[in-house]
Structure formats: structure tokens, C-alpha cells
Amino acid sequence: MNETRRALLGELSSSAASGPALAERLDVSRAAVWKQVEALRDEGFVVESTEAGYVVTAVPEFGAGTVEYGLDAPYTVEYHDTIGSTNDRGRELAAAGASDVVVLADEQTGSRGRLRRAWSAPSGGVWLSIVFRPDCPPAHAPIYTLAAAVATTRAAREAGVDASIKWPNDVVVSDDTAERGGRKLAGILTEMEGEANRVSWLLVGIGVNANVDASALPAGATSIREEAGDVERRVFVQRLLETFDELRGDPDSVLDAWREHADTLGRRVRVETTSETIEGVAVDVEFPGALVVRTDEEDRVIHTGDCEHLRPV
Ligand code: BT5
């Protein structure tokens, strides 16, 4: 988005302001302010001219400006109606030096999960990638996947879904023993580039089945629409980004927040790693995101794998 338009939105999100006042505050001409007000109207914002000045009375359903408007986190948003993969676009932006950018799309045509598995991303979802540059070694990166899972779960709960985290990167409907329990609502794919001891950039890709019919999703998946009715995606994304931003600023708080939102702890689980299958009770999560599984013989600390919740014996 044009910088003046972004600054104008920032001003209008706090109070009404006249054209001349805005021109002065933004250090641009009145004509430039007027041009950007028109551009906002073209994007779908309803900007009324009142005695107190310009007032925003309605915002578009989804898009870059609408997510940035009133967002209490330092991200700029790049929006696409349709794109191959927001993670691929995020990688391009990261390679070009970007940071604190969110790539957001209504639909993806070539999105992926872990291990290059296909990820369905029909129109109506929330598909986004957050690009940032944390000051940490590559080994700490999983803590940001956990932070994203907490942020997504909180936003889903606010939208009315009884959601929980399934280690490591799934957000599911709580309680596998309940009728709808265990259905997958969202997934997270973290990618990064770094040196031996320092991350250069990190990219957290989050896919949430928001206003999508279950028929457009693979078996075992569900959506906010199916569980609780349609959500205002603008508000959903804002809450998600705000929580993520709080957590990334305080990595020490992530594990406790994760424990509070997780469904995996205390359950019998089967975890498939690339080399073996481990069964036992998930007893804890350890920094930076490893699952501790108590088997009949010992406690195992598992860093990556696919986890299945088992029925209690
Ligand atoms: C994930 O992988 O769960 C990570 C998904 C990350 C997607 C986001 S969308 C924005 C960003 N851009 C991208 O290109 N990707 C990220 P994994 O744990 O490997 O799970 C993949 C499996 O979930 C697939 O093999 C399917 O079985 C299932 N699946 C596919 N699409 C799904 C959907 N929309 N909802 C629920 N499950 C799905």
C-alpha cells in the first residue's frame, strides 16, 4: 500500500480529521490527501466528509488496508485475492530484505503443508505468512510455531470455536472423544534461513479454514463456518497478529501459553518421526517446542513428528 495512504489510515483510525490538518500532519499537499481518500474509497472504505473532517464509517470485508486499519501490531500487509502460496511470496520478500510483513490471501492455488504435502486453500479462508527477523539461533525457531498455534487458537476461540492445539502445529476442535473433536481447523508451516548461530529471516505460514464449506476441504478437516458460523476475517486476522506479536516479544511466555491452549498434554499419543513410532502419554512440552512422551520404559523428548491422539486405555 502507498505510504501516504497507510499513514492516512493510521490517523483516521484514531479520530476524525480535516483535509488541511491531515495534510499538515502527514507533510503532504491537500491534493495528495484527497487523492488517497479517493483511493481508500476505491478499496471499499466508506469515508464520509463531516464538519469534524473525514470519518471512516465502514471498512472492506478483507484486504490489506482493512487489516492494517486499527491493527495494534507493527506489521504491514500485502494482500492477494489469489496467489500460489503465501509462504512462497513471503520467501521472496524475505530474500529481498523485508521484515514485519504479512502476506495475506483469500485463496491459494499451490499451498503446502509440512514435507511438501498439499494444503487446500479455497476462497474464504485465512491464508497468511508472517515474515520477521528474530534475534535467535535457528534451533529456537520452533518456539514461533508454538506462538502461532496459540495465537490462532485464541482467535478461533474468540470466533466461537472450541479450539485447541494438537502438537506441534495443528489447531483442532477440542477433545478427540467428542463427536466433532479432533477435526483440523488450521495448520502452521514455519520456514527460515539462517547461519549456524543466527536466524536471518523466519516465516510463519498459517492456514485457517475460516468461511469455507467442509465440502471444499479434505476429510477430517473443518472450518469456523462449520463449527460456529462465519467470522469477520478482518477482526480474526487482527487478533491473531496481535497475540502473535505479544508472544514473539516475550518468547519465555510461549510455553505456558501453549500448555494452556493445548489438547495434547495428558493424552495417550502415537508420534511418527522419520525414523520410528513412539507411543505413550504426552506429559509436557519443552523449549523450544519438543514434546515429552512417557513410554513404558522412559521419557522421550521428540522434536519433530506427526502426532495422533489415542483413546485412553
Ligand atoms: C500443515 O501441514 O498443517 C501446515 C499447513 C500450512 C498452510 C499455510 S496456508 C498459508 C501458508 N502458505 C502455504 O503454502 N502454507 C502455509 P501438515 O501438518 O503437514 O498437514 C498437511 C495435511 O493436512 C495434508 O496432508 C492433508 O491431510 C491435511 N489438509 C490439507 N489441507 C487442509 C485444510 N485446509 N484443512 C485441514 N487439513 C488439511
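Each reported figure results from applying straightforward, stated rules to the coordinates on display, with no laboratory input. Computed from a prediction, not measured in an experiment: that's the story for all the values here. Ideal geometry is used to build each Cβ from the backbone, glycine not excepted, and the neighbour counts take in all protein chains shown.
Taking Cβ atoms as reference points and 14 Å as the exclusive limit, the residues near residue 174 contribute a net charge of -1, counting Lys and Arg as +1 and Asp and Glu as -1.
Report the GluC sites (Glu not before Pro) located in segment 220-313 that are in a DSSP loop and have at most 16 other Cβ atoms inside 10 Å of their Cβ, or state none. List each step's numbers first, then the result.
On the way: sites: 226, 227, 232, 242, 246, 260, 272, 276, 279, 286, 297, 298, 308; in loops: 232, 276, 297, 298.
Sparse-neighbourhood loop GluC sites (Glu not before Pro): 232, 276, 297, 298.
If a spin label sat at a point 7 angstrom from the Cα of residue 287 along the line to its beta carbon, the backbone N atoms of segment 111-136 nearer than 14 Å would be those of 136. Report the Cα centroid-to-centroid distance between segment 1-65 and segment 264-313 in angstrom, as an integer. Comparing the Cα centres of segment 1-65 and segment 264-313, I get a distance of 52 Å. Do any trypsin sites (Lys or Arg not before Pro) in segment 253-313 lie in a loop, going by DSSP, with at most 12 other beta-carbon atoms within 10 Å of their beta carbon, and if so which? Answer by residue number: there is no such site.
Electrostatic bookkeeping for residue 55 treats Lys and Arg as +1 and Asp and Glu as -1; over the other residues with beta carbon under 15 Å from its beta carbon, the sum is -2. The phi torsions of segment 82-87, fed into the Karplus equation with coefficients 6.51, -1.76 and 1.60 and a -60° offset, translate into couplings of 9, 8, x, 8, 5, 5 Hz, rounded to whole numbers, with Gly and Pro shown as x.
When the expected Rg is taken as 2.2 N^0.38 Å, what fraction or multiple of it is the alpha-carbon Rg of the chain?
Values: Rg = 21.1 Å, N = 313, 2.2 N^0.38 = 19.5 Å.
Working it through for the chain, the quotient is 1.08.
One decimal place: the segment residue 214-residue 297 gains 25.8 nm when fully extended, by the rule 0.36 nm per residue minus the C-alpha distance. The 3J(HN,Hα) values that the Karplus relation (6.51, -1.76, 1.60; θ = phi - 60°) gives for segment 132-143 are, in residue order, 7, 10, x, 8, 7, x, x, 5, 8, 3, x, 4 Hz. Gly and Pro appear as x.
Multiplying the residue separation of residue 50 and residue 177 by 0.36 nm and subtracting their alpha-carbon distance yields 40.1 nm.
Note down the net charge around residue 299, summing +1 for each Lys or Arg and -1 for each Asp or Glu among other residues with Cβ under 14 Å from its Cβ. Let's see the in-between values first.
Details: positive: 294, 300; negative: 279, 284, 286, 296, 297, 298.
Overall, the nearby charge balance is -4.
Largest mean-square fluctuation among 218, 138, 288, in a Gaussian network model of the chain whose springs join Cα atoms under 10 Å apart, belongs to 218.
For the chain, the mean residue ellipticity at 222 nm estimated from helices alone is -9000 deg cm²/dmol, where every DSSP H run of n ≥ 4 contributes -39500 (n - 2.57) and the total is divided by all residues, rounded to the nearest 500. With the simple model of a label 7 Å out from the Cα in the direction of the Cβ, residue 92 to residue 253 spans 3.5 nm.
With viscosity set to 0.692 mPa s and temperature to 37 °C, compute the Stokes-Einstein D of segment 3-58, Rh being the Kirkwood radius across alpha carbon pairs; µm²/s, no decimals. Answer, rounded: 303 µm²/s.
Over segment 268-309, what is the relative contact order in whole percent, taking alpha-carbon pairs under 8 Å and six or more residues apart?
Details: 77 pairs, mean separation 16.5, N = 42.
That works out to 39 percent.
Look at the alpha carbon pairs under 8 Å that are at least 6 residues apart: their mean separation over the length of segment 64-261 gives a relative contact order of 22 percent. Applied to segment 185-202, the Karplus parametrisation 6.51 cos²θ - 1.76 cosθ + 1.60 on θ = phi - 60° returns per-residue 3J(HN,Hα) values of 9, 7, x, 10, 10, 9, 10, 7, 9, x, 8, 4, 10, 8, 6, 8, 9, 10 Hz, with x for Gly and Pro. Spatial offset of segment 103-135 relative to segment 210-225 amounts to 16 Å, using the alpha carbon center of each. For segment 43-59, the residues whose backbone nitrogen is under 12 Å from a point 7 Å from the Cα of residue 21, taken along Cα to Cβ, are 50-55.
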